[in-house]
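The values are calculated or read from the model by the stated rules, or taken from the named source; none is laboratory data. Computed from a predicted structure; not experimentally measured. Cβ placement follows ideal geometry from the backbone for every residue including glycine, while neighbour counts extend to all protein chains displayed.
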Amino acid sequence: METAPLLTDPAAFTTAVIDRYGQYLCWFNADTTGVDVFTETGTWVGTTPAPDEISALLDAFEQRQAASGE
């Protein structure tokens, strides 16, 4: 499982949101446009440059998992 991001600034809690997409968790930070994505078990999926690209990242991840037999 990946280590959760260290939040040295307590104000970060007010600008960040974790959202669930099925078995995936997405970390949205209002200070950036990128979105970090993990599986619910903590496997790193990747980072999208913008929220509207989450579907493409999840599709590519699932195709890689299917190809590797996992």
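Worth a mention:
- Of all residues in the stretch 1-59, those satisfying the criterion of being modelled with pLDDT of 90 or more and polar (S, T, N, Q) are 23, 39, 41, 43, 47, 48, 55.
- Selection within the stretch 38-50 - surrounded by 13 or more Cβ atoms within 10 Å (Cβ to Cβ) and more than 9 Å from the chain's Cα centre (by Cα): 43
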